[in-house]
Each structure stands twice: as structure tokens, then as C-alpha cells.
Amino acid sequence: MEDYILRATAANGSIRAFAAISSNTVEKARQIHNTSPVASAALGRMLTAAAIMGIMLKSEKDRLTLQITGDGPLKGILVTSDRFANVKGYAVNPYTELPLRPDGKLDVGGAVGNGSLRVIKDIGLKEPYSGSIELISGEIADDITYYYAASEQIPSSVGLGVLVDTDLSIKHAGGFIIQLMPGADDELVEKLEKKLLTIPYITDMLDSGYNAEKILQAILGDMGLEILDRVPVAYKCDCSRARVEQALISLGKKELSQIIDEDKKAELTCHFCNKVYNFDESELKKLLVEACSR
């Protein structure tokens, strides 16, 4: 089944909501990066969150980046998205292995450790918008919930889940973001808080076969839920040889000359899709000419 996000409202527009199914997307990331189970879970949660947050962007050229830096063995995660929910990302140490938590779940918080979450929105301004918080758990959903409250002053509830199968493939992945809009009354806030405390964990919902519609129905079904649209989600890397050439040119005359003199060639690998780009000496010299002309 195709991965997708549903965008919805409830309570006459006082709540906006998003629910995603991202199993295929996270599985593609796992295959590209050969992630361990705990790295798959961490990266998958980040990709799901980025996809949902991406479709909140306004312009076709807008871009969102989520970056976690932590002192745990995973070291960090970086993911990006556009407003069409095309995502890509990687974990710094994709081979991280940790024992399961006492409750039998993957220890994402332990893999991430203490650190920070940075959210960067490139929305066409002179400088991208950037907000950051200290991690409160490393479990990612809690941290994004806190980010929205601390940096954007939007009361939110975030649920993210990844289930890894016995063969290490991704069995299920998905999540939701529920947000209160300005003017939501105290009665609605209390009702939503109670509902969020009583619903199953997102991983349990996914494992029980819930799709995005059923996830939203479980949370907002008695609050006037209205589904607005459906957006496909995909893992998509937009790297190209032309972009890599520009990256080499941007190194400048001195560094590019040093590469030519010492190595006679260059090999660059895309962090997001692991595609390798090779340049021989003659190609590098052509790039050097362009670098000198700038």
C-alpha cells in the first residue's frame, strides 16, 4: 500500500491534525543505509515527522530540515522534507546496537542520548528560520512536541512509531501530529488531553492494522473530524552529478588544486542515498578552471 499523510481538522477548525503511514519510506531508508533495528526506529520516526511537518510548508520551493545531535552511540540524525512529503535522511552511526528496554521496546532514547533538536525552515527569506531545543527524552516524538511548545508556541501532541520485523525489515511505520489552534477553549483542550491519554500507543495501533484514517478517527472521531486531503509520502533523494560538481567548485581554487596535485581524482558519496560520484583528473581540472573564473 502506498505511503500517505492525511491532513484534517476537527472541532470547527480549532484543531488541525495529520496522520501518516510511512512503512515503505522507512523500509527504503533501511535498505539504503543498512540500519540496525534501533537506528531504523530512530531514523524512521524522524522521517515520518519530517514528512508531516513538510506538508505544513507554504511554497513549492520551501524546505524543512530536522537535525538531532546527541551524545548516544547513534551520534545524530539528519532528515529533510519538502512540502510534497518527499523525504530523505541518514543516521550518523546506522549500525548502532543496544539492548532492548525493560518493556521490550527498542531503546531509541538511549541510542540518541542527551543533545539537541534543530528545526530549519528554508522558506525563501534571506536567512533560513532556525529553532532549537535541548532534547527532553531522545525518543523524538516527545522532543518534537516540546519544540512546538517552546519554539513555535503551538500546543501539540506528536506520536511516532516504527515496528521492526524479525528479518530486520520495517513491518510498520507511521505517526500523527495534533495541534490546537489559537482560540481553542478550555473544555476542548481538556477533552483532547483526556482522549490522548486513553488511546493505544501508536505502535500498537499500527500493529493492529490501523491506517491513517483509523488513527485520526480514534483521536478525533467524536470532535467533528473532517479529512481535507491526502498526500503521498516517498523517500526521494535529489542529488545529481551537477550538484556534486558545484560542491567541488565551491571548495575554491586552493583546495581543488590540492586534490588534483595529491590525489589526481575525487570520489564523493551522497549521505542520503549512498550514490557514488567519481571525477578523474581531467574532470577536476575543468572544474578548477570554473572555480578560478568566479
> In the range 194-216, is there at least one residue being aromatic (Phe, Trp, Tyr) and within 28 Å of Tyr129 (Cβ to Cβ)?
Replying inline: no
>> Looking at the range 42-52, can you tell me whether even one residue there is of a type in the set (Val, Ile, Thr) and surrounded by fewer than 24 Cβ atoms within 10 Å (Cβ to Cβ)?
In response: no
> If you take the residues in the range 253-264 that are surrounded by 14 or more Cβ atoms within 10 Å (Cβ to Cβ) and out of contact with any helix residue (DSSP H, G or I) (no Cβ under 6 Å at 6 or more places or on another chain), which one is farthest from Val79 (Cα to Cα)?
Replying inline: Ser257
> What number of residues within the range 65-104 are part of a loop (DSSP other than H, G, I, E, B), basic (Lys, Arg) and touching a residue at least 40 places away in the same chain (Cβ under 8 Å)?
Replying inline: 0
>> Can you report the number of residues in the range 111-137 which are outside any strand (DSSP E or B) and either touching a residue at least 40 places away in the same chain (Cβ under 8 Å) or over 18 Å from Val162 (Cβ atoms) (or both)?
In response: 12
> Among Leu197, Leu206, which is the only one that is within 23 Å of Arg45 (Cα to Cα), of a type in the set (A, V, I, L, M, F, W, C) and loosely packed, with under 14 Cβ neighbours inside 10 Å?
Replying inline: Leu197
>> Here's a check for you: in the range 138-160, which residue that is out of contact with any Gly (no Cβ under 6 Å at 6 or more places or on another chain) and in a strand (DSSP E or B) is nearest to Leu66 (Cα to Cα)?
In response: Val158
>> Taking the condition of being outside any helix (DSSP H, G or I) and surrounded by fewer than 24 Cβ atoms within 10 Å (Cβ to Cβ), how many residues in the range 24-35 meet it?
In response: 1
> Looking at (1) over 17 Å from Ala20 (Cβ atoms); (2) at pLDDT 95 or above; (3) of a type in the set (A, V, I, L, M, F, W, C), can you tell me which one Ile177 breaks?
Replying inline: (1)
> Looking at (1) touching a Ser or Thr at 6+ places or on another chain (Cβ under 6 Å); (2) more than 30 Å from Gly13 (Cα to Cα); (3) not β-branched (Val, Ile, Thr), which is the one condition that is false for Lys171?
Replying inline: (1)
> Name the pairs whose Cβ atoms lie under 7 Å apart, with the first residue in the range 251-272 and at pLDDT 90 or above, the second small (Gly, Ala, Ser) and assigned to a helix (DSSP H, G or I), and 6 or more positions between them or separate chains?
Replying inline: Leu256/Ala291
> Out of all the residues in the range 181-188, is one or more in a helix (DSSP H, G or I), over 21 Å from Ile5 (Cα atoms) and either touching a helix residue (DSSP H, G or I) at 6+ places or on another chain (Cβ under 7 Å) or among the hydroxyl-bearing types (Ser, Thr, Tyr) (or both)?
Replying inline: yes
> Does Ile215 meet the test of being over 20 Å from Val79 (Cβ atoms), touching a helix residue (DSSP H, G or I) at 6+ places or on another chain (Cβ under 8 Å) and without any contact (Cβ under 8 Å) to a residue 60 or more places away in the chain?
Replying inline: no
> Of everything in the range 265-294 that's aliphatic (A, V, I, L, M) and not in a helix (DSSP H, G or I), which residue is surrounded by the most Cβ atoms within 10 Å (Cβ to Cβ)?
Replying inline: Ala266
>> Can you pull out every residue in the range 9-31 that is among the β-branched types (Val, Ile, Thr) and under 30 Å from Cys273 (Cβ atoms)?
In response: Ile21, Thr25, Val26
> Any idea which of (1) at pLDDT 95 or above; (2) surrounded by fewer than 24 Cβ atoms within 10 Å (Cβ to Cβ) is the one Ala39 doesn't satisfy?
Replying inline: (2)
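The values are calculated or read from the model by the stated rules, or taken from the named source; none is laboratory data. Since we're looking at a predicted model, the values are computed, not measured. Positions of Cβ are generated from backbone atoms using ideal geometry, with glycine treated the same way; all protein chains shown enter the neighbour counts.
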